[in-house]
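Just so you know, all these numbers are worked out from the coordinates, no wet-lab data involved. Here the structure is a predicted model, which means the values were calculated and not measured. Every residue, glycine among them, receives a Cβ derived from its backbone with ideal geometry; neighbour counts consider all protein chains shown.
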Amino acid sequence: MSLKKVFALALHIGVHLAALLPLVWLFWAVPAGELGGDPVEELIHFLGLGALRLLLLSLLIAPLVKYLQIAALFKLRRPLGLWAYTWASLHFFAWLALDLVFEWGLIAEEIIKRSYILLGFSLWLILSALALTSLPRLMRAMKGKWQTLHWWIYPAAIMGCIHFWWSLKSGWFEPAVYLLITLVLIALRKKKLLGATAR
Amino acid sequence: MLIKAKKNLLESALTPESVYSERRTILKGLGLGSLLLAGPSQAGFFSKEAPVEVPAAAKRHALQYEKTSPASPLVLTPESKILTHNNFYEFGTGKTDPFKNSQGLELEPWTLSVEGEVAKPGKLDVWELINGAQKKGAQLEERIYRMRCVEAWSMVIPWIGIELGQILKQFEPTSKAKYLAFETLYDPEQMPGQQSRRIGGGIDYPYVEGLRMDEAMHPLTILSVGLYGKTLAPQNGAPIRLVVPWKYGFKGIKSIVKIRLVEKMPPTTWNMLAAKEYGFYANVNPAVDHPRWSQGSERVITEGGLFSAKRQKTLPFNGYADEVAGLYSNMNLKQWY
Ligand code: HEM
């Protein structure tokens, strides 16, 4: 195995551990009171922020490949994207189960009425479509359409930052930093994106 | 004054012990036992027990007080949750930040100055009030109140305090006193949120709040100096804070250093930050939603672990309508939210 391949494999394992270990940690942290006496809100924040970070990490891969010239890194995009989706779904589930306690009437009302929730939900639907179509069989069947669909990851990342922004009761600093990072990541792929949308 | 116990407040949050143990048995049977159920303080991720021990609180000591409210049908929120789930942006915007960052707050001495439209402006030695209240005939009382946060969660807290009206009388408000303007301690060295706008959520400090004179004189309105039989912990607003049980929690300004009696409605922190979301009155009102969430119901923070969450309907004036609705009889509460 070449050094580059060893490096890529190590990163692969690293991605899985980085995404999984914080979730395992929760099983200890919640009972231990690490997230406070009422962990619901902290849990929602922890999972939402984790989802957004994983999403941005997945967008970092293409520029990294370009600058480091290690094509094997491309293989990290799939696990990063799927982990982002897992965290986003847990974030959604925490809100459904622990905050709104499965009161479906209220849940439907909140999704329709509150713009930041509607935005988060739309973003989750996009991620769902992307996760579903990352099944190898569907990938092959979709051919060129697959790439077109998966460009949606960029609007999704921007939506994540705005959802974060709108979810805050006051302040804007953190989401602004995330938005800036997202825009830089998009700018790095400007040429590819313009080419794709022009087609 | 007697606080009436009402039928609709009898929402017993208790779950029979047998249900707890049943679930534990099922999970253990699935072999998930060790990972999911074990943990410090015996409570597990899926367990129904309250997870946290009461944190060893800095400098809290036992208080002498009178139990004036009748036996309450309300189920108290466990002390550990009241101590570790707080909004006090001076110590950070996360719910656990106040508990983590406030333990060093210097509480002694503490003076509360009362000024403005009063015949006898002056400074109140808060520790004298706490320690010597009985001598002056101003008795500390326990009041078990519901606390409804504007973020749609609620607790039941056994406060210890004294009616604000009793204290104000000593300073002899003049006829010009129509409103009260309260102010929290401003001390960036002790309060990291006041040093940095990022930590403090972009709020302009000091935190200020206000009440109308009749609201302040209402017997339900207290200045609290303790809870669960002891003096307040810093994260709960030590050594002295406002409690107005029919209003959203942010009206209950913490660690107060100044009360100014004034003629005009004073500015208030959250209203200045987002006037469409937070009004001056901020009476609990299920009919007026926050623009970003419903106020029709609330998540009750009570006994039990992560998966024993419950929601209940929010009551007008947080259930104290019989006592206080009269204060607002001529007002359109949709306009004056
Ligand atoms: C599926 C529908 C979704 C719902 C119902 C939802 C709901 C929420 C709620 C209730 C909050 C906390 C607001 C508060 O502090 O009161 C929040 C915050 C957040 N959400 Fe979502 N969300 C959804 C999807 C997503 C997705 C897909 C992502 C990211 C990929 C995301 C990322 C975030 C982030 C980063 C925060 C801020 C966390 C913080 O303040 O630390 N959300 N969301």
Exercise for the section: Would you please state which residues of the range B:136-175 a label at B:Asp125 would reach in this model, taking the label point 7 Å out along Cα→Cβ and a backbone N cut-off of under 19 Å? Expected result: B:136-140, B:167-168, B:170-171
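For peptide B:81-92, how many partner chain Cβ atoms fall within 10 Å of a residue's Cβ, on average?
On the way: counts 4, 2, 2, 6, 8, 2, 1, 0, 3, 0, 0, 0.
For peptide B:81-92, the averaged partner shielding equals 2.
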Exercise for the section: Could you pull out the trypsin sites (Lys or Arg not before Pro) across the range A:96-181 that fall in loop regions by DSSP (anything but H, G, I, E, B) with no more than 14 other Cβ atoms inside 10 Å? Expected result: A:Lys143
Completion exercise
Percent of all Cα-Cα pairs per 10 Å bin for the protein assembly as shown, counting from 0 up to the last occupied bin, reads 3, 16, 25, 24, 16, 9, 5, 2, 0
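With the cut-off at 1.5 for a/c, could you classify the range B:197-301 from its C-alpha gyration tensor as rounded, prolate or oblate?
Values: a/c = 1.25, a/b = 1.18, b/c = 1.06.
Note, shape of the range B:197-301 comes out rounded.
Work out the length of the dipole vector of chain A about its Cα centre, built from +1 on the beta-carbon of each Lys and Arg and -1 on the beta-carbon of each Asp and Glu, and round it to the nearest 20 debye.
Details: 19 positive and 9 negative charges, 368 e Å.
Rounded to the nearest 20 debye, it is 1760 debye.
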Fill in the blank from the handout: Most exposed first, judged by fewest Cβ atoms within 10 angstrom, A:Phe27, A:Phe46 run A:Phe27, A:Phe46
Exercise for the section: Once you have a ≥ b ≥ c as the square roots of the Cα gyration tensor eigenvalues for the range B:70-202, tell me rounded if a/c is under 1.5, and otherwise prolate or oblate according to whether a/b is larger than b/c. Expected result: oblate
Handout entry: Fewest-first ranking of A:Trp95, B:Trp159, A:Trp28, using other Cβ atoms within 10 Å as the exposure measure
Key = A:Trp28, A:Trp95, B:Trp159
Practice task
Provide Rg and Dmax in Å for the range A:113-173, with only Cα atoms included in the calculation.
Solution key: 14.4, 46
Fill in the blank from the handout: Any DSSP H helix in chain A with Cα axial reach of 24 Å or more and mean Kyte-Doolittle score of at least 0.0? Listed by number, the hits are A:3-29, A:40-68, A:77-94, A:115-132
Practice task
Could you tell me which of rounded, prolate or oblate describes the range B:153-240, using a ≥ b ≥ c as the square roots of the eigenvalues of the alpha-carbon gyration tensor, with rounded for a/c under 1.5 and, failing that, prolate when a/b is larger than b/c and oblate otherwise?
Solution key: oblate
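Work out the FRET efficiency for B:Lys67 and B:Thr111 from their Cβ-Cβ distance, taking R0 = 25 Å, and round it to the nearest 0.05. Let's see the in-between values first.
Working: r = 29 Å, r/R0 = 1.15.
Computed FRET efficiency for B:Lys67 and B:Thr111 comes out at 0.30.
I'd like the FRET efficiency for B:Asn332 and B:Asp214, computed as 1/(1 + (r/R0)^6) with the beta carbon distance as r and R0 of 30 Å, rounded to 0.05.
The value I calculate is 0.95.
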Completion exercise
A:Lys192 and A:Lys145 label points (each 7 Å along its Cα→Cβ direction) are spaced in nm at 2.3
Exercise for the section: Provide the net charge surrounding B:Arg311, with neighbours chosen by a C-beta distance below 10 Å and charges set as Lys +1, Arg +1, Asp -1, Glu -1. Expected result: 0
Practice task
Please report the orientation-averaged projected area of chain A, defined via the convex hull of its C-alpha atoms, in nm².
Solution key: 13.6
